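Working notes for the structure below.
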Amino acid sequence: ETGVTQSPTHLIKTRGQQVTLRCSSQSGHNTVSWYQQALGQGPQFIFQYYREEENGRGNFPPRFSGLQFPNYSSELNVNALELDDSALYLCASSPGSPATSNYGYTFGSGTRLTVV
Amino acid sequence: AQKVTQAQTEISVVEKEDVTLDCVYETRDTTYYLFWYKQPPSGELVFLIRRNSFDEQNEISGRYSWNFQKSTSSFNFTITASQVVDSAVYFCALPVWNRDDKIIFGKGTRLHILP
C-alpha cells in the first residue's frame, strides 16, 4: 500500500507567478486535504476535496484553488504568488469524510515552496 | 473558540531522560478528539495517537504515554527514556468537523535529544 506522494519536493518561484502542486492520495482514499505550514508554525487548513467537490475551506484567499480528479489525486494552484506564500504545503488523504474524527489522515512529506 | 496552545517552543534533553510535552486546548464541542503528531526533518506528519473526550483513561504505549485531563483542558505527552531518534517537532491537534472537516494544530514543540 503506497502512502501519499507529493510533487515536486522543492520549488522556487518569483513573486507574481503561478504554481501548481500535486498530490497522489493513498490507495483507497477518496478525501484529500491541503495544509500550509509556515516556518516555525503548525499546519493551517487550506481546503478539502471529497469526491471531486470542495468540502470546506479555511481562511485563504481565492487565489488558492484546487482540483480533485476521478482517481482522487489532487492539485493545489496558487496564483499571483506573494512572499508570504513561502511555506511547506502538505497534502493529506483519508478513506472517507469526515476524515478527522472517523478515519484520520495520512500526510505526505510536502512541497517546500520558496517565493523570491 | 477552537484553539490549541503548546507553550513550549523548544526543549532539549539528554538521551535517556524523560520529557513531557504540554498541550492545552479550547473547544466549544462537548464531544471531541485530540491528536498528537510527530514531524521529523523529512517533513511528513506521523500520527501518534487519537484520544476522545469521553475516555479519560491515560495510556501507555512502549516509551510513550499520554495524560488527558478534561478538567484542565490538557493533553500532555511523555517520552520515557528518550532516544536521539525522538528528535522532531511534535504537534498537538484538535480535529473539527462541525462545519469544515479540518484539524487545528498547535504551533509545535521542537524536541532535541542530545547524545
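From (1) surrounded by fewer than 20 Cβ atoms within 10 Å (Cβ to Cβ); (2) touching a strand residue (DSSP E or B) at 6+ places or on another chain (Cβ under 6 Å), pick out the condition that doesn't hold for A:Pro62.
Only one criterion is unmet by A:Pro62, namely (2).
Only one of (1) more than 18 Å from A:Gln26 (Cα to Cα); (2) at pLDDT 95 or above; (3) of a type in the set (S, T, N, Q) is not met by A:Asn55, so which one is it?
It fails just one condition, (2).
Considering each residue of the stretch A:35-53, count those that are out of contact with any strand residue (DSSP E or B) (no Cβ under 6 Å at 6 or more places or on another chain) and part of a strand (DSSP E or B), and give that number.
1
Among the residues of the stretch B:97-111, write down those that are facing chain A (nearest Cβ under 7 Å) and assigned to a strand (DSSP E or B).
B:Lys102, B:Ile103, B:Phe105
Say we look at the stretch B:37-46 and pick out the residues that are in a loop (DSSP other than H, G, I, E, B), out of contact with any Pro (no Cβ under 9 Å at 6 or more places or on another chain) and surrounded by 14 or more Cβ atoms within 10 Å (Cβ to Cβ); which of these is farthest from the other protein chains (Cβ to nearest Cβ)?
For the stretch B:37-46, the residue satisfying everything is B:Pro40.
Going by what's in this entry, would B:Phe54 be described as part of a strand (DSSP E or B) and not aliphatic (A, V, I, L, M)?
No, not satisfied.
Just one of (1) within 14 Å of chain B (Cβ to nearest Cβ); (2) assigned to a loop (DSSP other than H, G, I, E, B); (3) among the small types (Gly, Ala, Ser); (4) without any contact (Cβ under 8 Å) to a residue 60 or more places away in the chain trips up A:Gly56, so point out which.
Just one mismatch for A:Gly56, condition (2).
Quick check on my filter: what residues within the stretch A:69-97 are surrounded by 16 or more Cβ atoms within 10 Å (Cβ to Cβ) and either more than 14 Å from chain B (Cβ to nearest Cβ) or without any contact (Cβ under 8 Å) to a residue 12 or more places away in the chain (or both)?
Residues satisfying the conditions are A:Tyr72, A:Ser73, A:Ser74, A:Glu75, A:Leu76, A:Val78, A:Leu81, A:Asp85, A:Ser86.
Table: residues versus (1) free of Cβ contacts under 8 Å to residues at least 24 places away in the same chain; (2) in a strand (DSSP E or B); (3) over 16 Å from the mean Cα position of the chain (by Cα).
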site: B:Arg28; (1), (2), (3): no, no, yes
site: B:Phe35; (1), (2), (3): no, yes, no
site: B:Leu48; (1), (2), (3): no, yes, no
site: B:Ser65; (1), (2), (3): yes, yes, no
site: B:Phe68; (1), (2), (3): no, yes, no
site: B:Ser71; (1), (2), (3): yes, no, yes
site: B:Asn76; (1), (2), (3): no, yes, no
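Can you name the number of the only condition in (1) closer than 17 Å to B:Val96 by Cβ; (2) part of a strand (DSSP E or B) that A:Leu21 fails?
(1)
For (1) over 21 Å from A:Phe107 (Cβ atoms); (2) of a type outside the set (D, E, K, R); (3) in contact with a helix residue (DSSP H, G or I) (Cβ under 8 Å, 6 or more places away or on another chain), each residue gets a yes or a no:
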residue	(1), (2), (3)
B:Ser53	yes, yes, yes
B:Glu59	yes, no, no
B:Tyr64	no, yes, no
B:Ala81	yes, yes, no
B:Asp86	no, no, no
B:Pro95	no, yes, yes
B:Asp101	no, no, yes
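Looking only at residues in the stretch B:80-96 that are surrounded by fewer than 18 Cβ atoms within 10 Å (Cβ to Cβ) and more than 18 Å from B:Gly43 (Cβ to Cβ), which one is farthest from the other protein chains (Cβ to nearest Cβ)?
In this case the residue turns out to be B:Ala81.
The values are calculated or read from the model by the stated rules, or taken from the named source; none is laboratory data. Quick caveat, the model's predicted, so the values are computed rather than measured. A quick note on method: Cβ atoms are made from the backbone with ideal geometry, for glycine too, and the neighbour counts reach across all protein chains shown.
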